[in-house]
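Scroll down for the structure; my scribbles are underneath it.
The values are calculated or read from the model by the stated rules, or taken from the named source; none is laboratory data. From a predicted model like this one, the values you see are computed outputs, not experimental measurements. Cβ atoms come from the backbone with ideal geometry, glycine included; neighbour counts cover every protein chain shown.
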Amino acid sequence: MTLYQAVRGMNDILPEQATLWQWVETKLKNVVSHYGYQEIRFPIVESLALFKRTIGEVTDIVEKEMYAFEDRNGDWLALRPEGTAGCVRAGIEQGILYNQLQKLWYSGPMFRHERPQKGRCRQFHQFGVEAFGYAGPDVDVEIILMTARLWRELGLESHIALEINSLGSSAARANYRQQLVQYYDAHIDSLDEDSKRRLHTNPMRILDSKNPDMQKLNTSAPKLNDYLDPESQQHFAKLCQLLDIAHIKYTVNPCLVRGLDYYNGTVFEWVTTSLGAQGTVCAGGRYDGLVEQLGGKTTPAIGFALGLERLVALVEQFAMPQLNSSADIFIVAVGEAAELQSLQLAEQLRNEFPQRIILTNLNGGNFKNQMKRADKSGAQLALIIGDDEVNQQTVTVKNLRIDVSQQTVKCVDLIDFISMKIK
Ligand code: ATP
Ligand code: MG
């Protein structure tokens, strides 16, 4: 017999875990709704060309990580490695970005063929937001405040820190790029294979390297901040000022360049030291050129995406909530007439107590067995129905959690009785 296994790097999320995920996702949705963001859902599969064009040909994602395939029609498609490209494509195609302000959020699986390890999988999940039509820096600050509120809501504020930088305009970056190439050329023998390859295609990507030797070399590299255009300088200065006023702590990290091509101006990451090497929980920035690049009207924009696996891991480590998925009421029924009544009673209780979990004696069994199941379900109350109860139109109510004597309650009084027992 073949025992099938999940694809490497693609994980099952079992019910207990899923309850925690739901709790986290609900918090995220509530907070961003509070700031006026609305959900958008776009496909998991898009044309391969879309991702190449937006993320950039010379990036880790496009060069090494994409799940690309030719479909039965011979069209080249890819599983989405991130959300922004699809979101912008959908926004332009559906005409919701044209001369409009939009605040959008999305949540769902993303796919990258990376080496699976702690905090890095091949199917992972991102929650992200995109704000279109806002030039900032006010919106940059609002988005950062919103993320700070997320960490507070989740109880993580002391475990996660903000890093910011500005990538400037594309002209400023072109100038900076030349300086960078000169610097790395002078250290060509110290460059690793990846960096050598990138030196003339995408030298800024070297700054993003995870290789500690490269990171050492990067500390002495020319700093982008020294080459910023005046407008970006002002934008960044204002951003810093507004963050100070809002009492948001941050570090300016000159090596923060982000791994995707579409960013310009403000970029930021929220990082933790508690998850090992995979420390970036949330990352984002401005991408003022992307809408136009994809055929829309010039539209300033900013967004971020956070990795749910990493966020959930942090919550588990530092702020695990009390989550209760156990039943509230379990109906024990012995005998054919009682079983029939159990079904009806359960439906009536589900009408009356829509927030409660109500289980019945499915799979039958004798009284002792059913009581065992009732106890295991975590229910507070067992409602017991046997021949006597059926004949007398009563139900026996036993509290499974407190040692008090059981009570016989008339069927007509049952709802009121239960209302008093479970608040
Ligand atoms: P990293 O530097 O860790 O590879 P990245 O810069 O490639 O991250 P982004 O494209 O900015 O990541 O995605 C935003 C967030 O999504 C990351 O900060 C991280 O929390 C999460 N993420 C990205 N790739 C993965 C992955 N393979 N597995 C789990 N989470 C991921
Ligand atoms: Mg990556």
Next on the checklist: Against the condition hydrophobic (A, V, I, L, M, F, W, C) and in a strand (DSSP E or B), how does Ala382 come out, does it pass?
Outcome noted: yes
Item to check | Residue count, the range 250-272 (criterion: more than 10 Å from ligand 1 (Cβ to nearest atom), more than 19 Å from Asp226 (Cβ to Cβ) and not hydroxyl-bearing (Ser, Thr, Tyr)) | outcome: 2
Next on the checklist: Quick check on my filter: what residues within the range 83-112 are within 16 Å of ligand 2 (Cβ to nearest atom), surrounded by fewer than 21 Cβ atoms within 10 Å (Cβ to Cβ) and in a loop (DSSP other than H, G, I, E, B)?
Outcome noted: Arg112
Checklist entry - So, of the residues in the range 91-112 that are within 16 Å of ligand 1 (Cβ to nearest atom) and of a type in the set (Gly, Ala, Ser), which turns out to be farthest from Val139 (Cα to Cα)? => result Gly108
Checklist entry - Out of (1) modelled with pLDDT of 95 or more; (2) part of a helix (DSSP H, G or I); (3) not small (Gly, Ala, Ser), what's the single condition that is false for Met420? => result (1)
Item to check | Residue ID - nearest to ligand 1 (Cβ to nearest atom), chosen from residues in the range 118-133 that are within 27 Å of Ile245 (Cβ to Cβ) and either surrounded by fewer than 20 Cβ atoms within 10 Å (Cβ to Cβ) or under 19 Å from the mean Cα position of the chain (by Cα) (or both) | outcome: Gly128
Item to check | Selection within the range 153-172 - hydrophobic (A, V, I, L, M, F, W, C), in a helix (DSSP H, G or I) and within 21 Å of Thr299 (Cα to Cα) | outcome: Ala171, Ala172
Item to check | Residue, farthest from ligand 1 (Cβ to nearest atom), within the range 58-87, restricted to residues that are in contact (Cβ under 8 Å) with a residue 12 or more places away in the chain and acidic (Asp, Glu) | outcome: Asp75
Next on the checklist: For the condition more than 30 Å from Gln234 (Cβ to Cβ), within 16 Å of ligand 2 (Cβ to nearest atom) and touching a Lys or Arg at 6+ places or on another chain (Cβ under 8 Å), what is the one hit in Arg198, Arg205?
Outcome noted: Arg198
Checklist entry - Looking at (1) of a type outside the set (Phe, Trp, Tyr); (2) exposed (fewer than 13 other Cβ atoms within 10 Å of the Cβ); (3) modelled with pLDDT of 95 or more, can you tell me which one Glu16 breaks? => result (3)
Checklist entry - Quick one: Arg115 ticks every box in (1) crowded, with 19+ Cβ neighbours inside 10 Å; (2) within 13 Å of ligand 1 (Cβ to nearest atom); (3) in a loop (DSSP other than H, G, I, E, B) bar one, so which box is it? => result (1)
Checklist entry - Counting only residues that are exposed (fewer than 13 other Cβ atoms within 10 Å of the Cβ) and touching a residue at least 40 places away in the same chain (Cβ under 8 Å), which one in the range 1-13 is farthest from ligand 2 (Cβ to nearest atom)? => result Val7
Checklist outcome for this item: Here the residues within the range 33-57 that are within 16 Å of ligand 1 (Cβ to nearest atom) and under 22 Å from the mean Cα position of the chain (by Cα) are Ile44, Glu46, Phe51, Thr54, Ile55
Checklist entry - Looking at the range 273-287, which of its residues are in contact with a strand residue (DSSP E or B) (Cβ under 6 Å, 6 or more places away or on another chain) and either farther than 14 Å from Ile302 by Cα or more than 10 Å from ligand 1 (Cβ to nearest atom) (or both)? => result Gln278, Gly279, Thr280, Val281, Arg286, Tyr287
Item to check | Selected residue (only one of Ala221, Ala246 is surrounded by fewer than 20 Cβ atoms within 10 Å (Cβ to Cβ), away from ligand 2 (no atom under 16 Å from the Cβ), within 27 Å of Ala186 (Cα to Cα) and small (Gly, Ala, Ser)) | outcome: Ala221
Item to check | Criterion: touching a Pro at 6+ places or on another chain (Cβ under 7 Å) and hydrophobic (A, V, I, L, M, F, W, C) - qualifying residue of Phe69, Phe51 | outcome: Phe51
Item to check | Whichever residue in the range 161-189 is polar (S, T, N, Q) and either touching a residue at least 60 places away in the same chain (Cβ under 8 Å) or in contact with a Lys or Arg (Cβ under 9 Å, 6 or more places away or on another chain) (or both) and, among such residues, is farthest from Asn225 (Cα to Cα) | outcome: Ser170
Checklist entry - Hey, does the range 135-152 have a residue that's farther than 18 Å from Gly284 by Cα and assigned to a loop (DSSP other than H, G, I, E, B)? => result no
Checklist entry - Just wondering, is there one or more residues in the range 166-180 that are closer than 14 Å to Trp270 by Cβ, touching a helix residue (DSSP H, G or I) at 6+ places or on another chain (Cβ under 8 Å) and not charged (D, E, K, R)? => result no
